[in-house]
Amino acid sequence: PQTEALACRAVGLLPDQGRAVDLCTGAGAVAATMRLRIPTATVIGIDVDPVSAACARRNGVPTLVGDLAAPLRVRGDLDVVTAVAPYVPTGELQWLPTDVQRNEPQLALDGGADGLEVLRRVIASAAELLRPGGGVLVEGGGEQDRTLGPTLVEHGFGGAQPWCDDDGDLRGIAARLDPDRSG
(Lines give C-alpha, C1' and ligand atoms only; values in the text may rest on other atoms or scores of the structure.)
Protein backbone atom coordinates (compact mmCIF):
# COMPACT_ATOMS: atom_id res chain seq x y z
CA PRO A 1 0.00 0.00 0.00
CA GLN A 2 2.89 2.41 0.64
CA THR A 3 3.94 2.20 -3.01
CA GLU A 4 0.42 2.60 -4.41
CA ALA A 5 0.78 6.39 -4.82
CA LEU A 6 3.91 5.91 -6.96
CA ALA A 7 2.16 3.33 -9.16
CA CYS A 8 -0.92 5.55 -9.63
CA ARG A 9 1.22 8.57 -10.49
CA ALA A 10 3.20 6.51 -13.01
CA VAL A 11 -0.04 5.40 -14.68
CA GLY A 12 -1.00 9.06 -14.98
CA LEU A 13 2.21 9.82 -16.90
CA LEU A 14 2.21 6.81 -19.21
CA PRO A 15 0.54 7.36 -22.62
CA ASP A 16 -1.61 4.66 -24.26
CA GLN A 17 1.18 3.48 -26.55
CA GLY A 18 3.91 4.55 -24.12
CA ARG A 19 7.03 2.80 -22.92
CA ALA A 20 8.12 2.41 -19.31
CA VAL A 21 10.68 0.58 -17.23
CA ASP A 22 10.47 -0.21 -13.53
CA LEU A 23 14.00 -0.34 -12.13
CA CYS A 24 14.50 -2.32 -8.89
CA THR A 25 11.16 -3.96 -9.74
CA GLY A 26 11.20 -6.50 -6.91
CA ALA A 27 7.95 -8.49 -7.18
CA GLY A 28 6.85 -6.19 -10.01
CA ALA A 29 3.93 -4.43 -8.29
CA VAL A 30 4.51 -1.02 -9.91
CA ALA A 31 5.12 -2.47 -13.38
CA ALA A 32 2.12 -4.81 -13.04
CA THR A 33 -0.10 -1.86 -12.15
CA MET A 34 1.05 0.10 -15.21
CA ARG A 35 0.52 -2.97 -17.45
CA LEU A 36 -2.95 -3.60 -16.03
CA ARG A 37 -4.15 0.00 -16.25
CA ILE A 38 -2.63 0.73 -19.69
CA PRO A 39 -2.49 -2.60 -21.53
CA THR A 40 -1.44 -0.92 -24.80
CA ALA A 41 1.78 0.37 -23.21
CA THR A 42 5.06 -1.53 -23.12
CA VAL A 43 6.25 -1.97 -19.54
CA ILE A 44 9.16 -4.08 -18.32
CA GLY A 45 10.89 -4.58 -15.00
CA ILE A 46 14.56 -4.89 -14.15
CA ASP A 47 16.04 -6.20 -10.92
CA VAL A 48 19.55 -7.17 -9.88
CA ASP A 49 18.19 -10.11 -7.87
CA PRO A 50 17.26 -13.17 -9.98
CA VAL A 51 14.78 -14.38 -7.33
CA SER A 52 12.94 -11.05 -7.40
CA ALA A 53 12.97 -11.02 -11.21
CA ALA A 54 11.45 -14.52 -11.26
CA CYS A 55 8.74 -13.37 -8.84
CA ALA A 56 7.95 -10.35 -11.06
CA ARG A 57 7.69 -12.67 -14.06
CA ARG A 58 5.21 -14.86 -12.15
CA ASN A 59 3.25 -11.64 -11.56
CA GLY A 60 2.99 -11.08 -15.31
CA VAL A 61 5.82 -8.57 -15.73
CA PRO A 62 8.45 -9.18 -18.44
CA THR A 63 11.60 -8.78 -16.34
CA LEU A 64 15.31 -8.63 -17.05
CA VAL A 65 18.05 -9.38 -14.53
CA GLY A 66 20.73 -6.74 -14.23
CA ASP A 67 21.98 -3.60 -12.57
CA LEU A 68 19.51 -0.77 -13.22
CA ALA A 69 19.45 0.13 -16.94
CA ALA A 70 22.45 -2.02 -17.94
CA PRO A 71 20.34 -4.72 -19.71
CA LEU A 72 18.53 -2.18 -21.91
CA ARG A 73 19.65 -1.18 -25.38
CA VAL A 74 17.13 1.66 -25.72
CA ARG A 75 18.21 5.15 -24.80
CA GLY A 76 16.29 8.40 -24.88
CA ASP A 77 12.87 7.11 -25.87
CA LEU A 78 11.04 5.96 -22.73
CA ASP A 79 8.08 7.88 -21.31
CA VAL A 80 8.34 6.77 -17.67
CA VAL A 81 11.02 5.34 -15.37
CA THR A 82 9.98 4.18 -11.91
CA ALA A 83 12.00 2.77 -9.04
CA VAL A 84 11.40 1.62 -5.52
CA ALA A 85 15.13 1.44 -4.91
CA PRO A 86 16.76 0.84 -1.52
CA TYR A 87 16.62 4.20 0.29
CA VAL A 88 17.12 3.45 3.99
CA PRO A 89 20.44 4.78 5.32
CA THR A 90 22.64 1.90 6.48
CA GLY A 91 22.76 3.25 10.04
CA GLU A 92 18.96 3.28 10.26
CA LEU A 93 18.28 -0.28 9.10
CA GLN A 94 18.21 -1.42 12.74
CA TRP A 95 15.18 0.82 13.38
CA LEU A 96 13.00 -0.77 10.71
CA PRO A 97 10.05 -2.82 11.96
CA THR A 98 10.97 -6.39 12.87
CA ASP A 99 8.75 -7.89 10.16
CA VAL A 100 10.50 -5.77 7.51
CA GLN A 101 13.94 -6.80 8.77
CA ARG A 102 12.88 -10.46 8.84
CA ASN A 103 11.10 -10.62 5.45
CA GLU A 104 12.90 -8.15 3.17
CA PRO A 105 16.39 -8.83 1.84
CA GLN A 106 18.92 -6.23 2.99
CA LEU A 107 19.76 -5.64 -0.70
CA ALA A 108 16.23 -4.22 -1.12
CA LEU A 109 16.55 -1.87 1.85
CA ASP A 110 20.13 -0.61 2.30
CA GLY A 111 20.59 2.68 0.43
CA GLY A 112 24.11 3.34 1.73
CA ALA A 113 25.37 5.95 4.17
CA ASP A 114 22.76 8.62 3.34
CA GLY A 115 20.20 6.29 1.76
CA LEU A 116 20.73 7.79 -1.69
CA GLU A 117 23.50 5.65 -3.22
CA VAL A 118 21.15 3.67 -5.45
CA LEU A 119 18.68 6.53 -5.95
CA ARG A 120 21.42 8.75 -7.41
CA ARG A 121 22.25 5.98 -9.88
CA VAL A 122 18.55 5.57 -10.72
CA ILE A 123 18.33 9.29 -11.56
CA ALA A 124 21.42 9.07 -13.78
CA SER A 125 19.98 6.01 -15.56
CA ALA A 126 16.58 7.68 -15.98
CA ALA A 127 18.24 10.70 -17.61
CA GLU A 128 19.73 8.37 -20.25
CA LEU A 129 16.56 6.33 -20.79
CA LEU A 130 13.86 9.00 -20.92
CA ARG A 131 12.79 11.07 -23.88
CA PRO A 132 12.77 14.83 -23.23
CA GLY A 133 9.69 15.55 -21.11
CA GLY A 134 9.59 11.97 -19.78
CA GLY A 135 9.02 11.36 -16.08
CA VAL A 136 10.93 9.64 -13.32
CA LEU A 137 9.20 8.55 -10.10
CA VAL A 138 11.11 7.19 -7.11
CA GLU A 139 10.15 6.23 -3.60
CA GLY A 140 11.95 8.01 -0.77
CA GLY A 141 11.66 9.10 2.83
CA GLY A 142 12.81 11.59 5.43
CA GLU A 143 14.15 14.71 3.73
CA GLN A 144 15.51 12.86 0.71
CA ASP A 145 13.51 15.08 -1.64
CA ARG A 146 15.72 18.00 -0.61
CA THR A 147 18.92 15.98 -0.63
CA LEU A 148 18.17 14.43 -4.03
CA GLY A 149 17.24 17.81 -5.57
CA PRO A 150 20.74 18.73 -6.78
CA THR A 151 21.16 15.29 -8.40
CA LEU A 152 17.90 15.75 -10.30
CA VAL A 153 18.97 19.19 -11.56
CA GLU A 154 22.46 17.92 -12.48
CA HIS A 155 20.89 15.26 -14.71
CA GLY A 156 18.46 17.61 -16.44
CA PHE A 157 15.32 17.11 -14.38
CA GLY A 158 13.06 19.96 -13.36
CA GLY A 159 9.83 20.51 -11.52
CA ALA A 160 10.50 17.94 -8.82
CA GLN A 161 7.28 17.13 -6.99
CA PRO A 162 7.52 15.29 -3.69
CA TRP A 163 4.43 13.61 -2.28
CA CYS A 164 3.62 12.61 1.29
CA ASP A 165 1.40 10.06 2.99
CA ASP A 166 -1.53 10.89 5.26
CA ASP A 167 0.86 11.37 8.20
CA GLY A 168 2.85 13.99 6.29
CA ASP A 169 5.86 11.71 5.76
CA LEU A 170 7.66 11.83 2.41
CA ARG A 171 6.74 8.84 0.22
CA GLY A 172 8.30 9.77 -3.12
CA ILE A 173 9.50 12.25 -5.72
CA ALA A 174 8.49 12.76 -9.34
CA ALA A 175 10.33 14.91 -11.88
CA ARG A 176 10.35 15.50 -15.63
CA LEU A 177 13.37 15.50 -17.91
CA ASP A 178 13.80 18.97 -19.39
CA PRO A 179 11.74 19.00 -22.64
CA ASP A 180 14.43 21.14 -24.32
CA ARG A 181 17.16 18.65 -23.51
CA SER A 182 18.96 17.48 -26.61
CA GLY A 183 20.35 14.22 -25.20
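The values are calculated or read from the model by the stated rules, or taken from the named source; none is laboratory data. Computed from a predicted structure; not experimentally measured. Ideal geometry is used to build each Cβ from the backbone, glycine not excepted, and the neighbour counts take in all protein chains shown. Side chains are part of the model used for accessible areas, which takes the heavy atoms of the whole protein and leaves out ligands, DNA and RNA. Shrake-Rupley method; radii C 1.70, N 1.55, O 1.52, S 1.80 Å.
Miscellaneous remarks
- Expressed as a whole percent, the accessible area of the chain that falls on carbon and sulfur atoms is 51 (1.4 Å probe).
- Maximal additional length on extending the V74-R58 stretch stands at 3.3 nm, based on 0.36 nm per residue less the C-alpha distance.
- Segment 152-170 versus segment 7-34: alpha-carbon centroid distance in Å: 18
- Once all protein chains are placed together, R9 keeps about 100 Å² accessible to a 1.4 angstrom probe.
- Based on Cα atoms of the chain, Rg over Rh with Rh as the Kirkwood radius reads 0.94.
- Solvent-accessible surface (1.4 angstrom probe) belonging to D167, in square angstrom, nearest 10: 130
- Rg over Rh for segment 1-93 works out to 0.97, both radii taken from alpha-carbon positions and Rh defined as the Kirkwood radius.
- Taken along the Cα-to-beta-carbon direction at a fixed 7 Å, the label points for T147 and E4 span 2.8 nm.
- In the context of the full set of protein chains, the chain has a per residue accessible area of 51 Å² (1.4 Å probe).
- Dipole magnitude of the chain about its Cα centre (Cβ charges: Lys, Arg +1; Asp, Glu -1), debye to nearest 20: 780
- Segment D180-R37, length gained on full extension (0.36 nm per residue, minus Cα span): 48.6 nm
- Per-residue SASA entry for T33, accessible area with 1.4 Å probe, Å² rounded to 10: 40
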